[in-house]
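Asks: Structure incoming, see below.
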């Protein structure tokens, strides 16, 4: 009987452990699904406002390659989970306040008479070939200027070599376009408070990898590090996912910094 009692106790313990494990797995799956849903809400939604045929023939064409900082749409999920309810570069209060439209207005003023056409593209995730697919689909746009805003979603596990390959691959494609566009690259945004306001760790690797590649190619690189590290440049919105992004002031600094890099290129576009 003692042996039987001991055996029964062991089975009971094992069963309880199995039940606990099953409950834990169910909980992890639930959290995982919630994270996937939340991640989907944070995915950049870059909408092309006009088809290529609708652009004025004399338009100065700007191609914006970016993520949610450049443009983010909204749907029931973003409204419920992020309290994000409009189309703009996150977390600008409106489209006219995001860096892309502020920059476009500045360029329009500098060009005087030429209208501005905008096209937005989000790079895919994964290999260089996968990421280049959206660009290949838009190769007929023939931009005059490309703003390449990148770096926020790079996977540390993939390492600097993968980032370098992707970044070089995109720039190779852009520099081979028949319209020979001017290209301005924008550094990574990370408002995490780094010591002395200077990026370190993986964020620094991303920043330096991209800036070094641009330097070798003779392309202007605009760092936004000092704005990201300024608490007055972020924090707008009702949820952490939105608050992470540049606010109106942050977007204004983006536009000013990029415009300074664009000015020397505009005389060739008139």
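Asks: Pairs please, first residue from the range 200-224 and at negative phi and in contact (Cβ under 8 Å) with a residue 60 or more places away in the chain, second anywhere and surrounded by 14 or more Cβ atoms within 10 Å (Cβ to Cβ) and in a loop (DSSP other than H, G, I, E, B), Cβ atoms under 9 Å, 6+ apart in sequence or on different chains.
Replies: Partner pairs satisfying both residue conditions: 210/150; 210/151; 210/187; 210/188.
Asks: Follow-up question, since we're still on this one. Looking at this structure, is residue 249 out of contact with any strand residue (DSSP E or B) (no Cβ under 6 Å at 6 or more places or on another chain), under 18 Å from residue 67 (Cα atoms) and surrounded by 14 or more Cβ atoms within 10 Å (Cβ to Cβ)?
Replies: No, not satisfied.
Asks: Hey, another quick one. Restricting attention to the range 68-99, report how many residues are buried (at least 23 other Cβ atoms within 10 Å of the Cβ), touching a strand residue (DSSP E or B) at 6+ places or on another chain (Cβ under 9 Å) and assigned to a loop (DSSP other than H, G, I, E, B).
Replies: Residues flagged as buried (at least 23 other Cβ atoms within 10 Å of the Cβ), touching a strand residue (DSSP E or B) at 6+ places or on another chain (Cβ under 9 Å) and assigned to a loop (DSSP other than H, G, I, E, B) within the range 68-99 amount to 9.
Read the figures in this text as sums done on the coordinates, not as results from a lab. All values reported here derive from a predicted model rather than from experimental measurement. Every residue, glycine among them, receives a Cβ derived from its backbone with ideal geometry; neighbour counts consider all protein chains shown.
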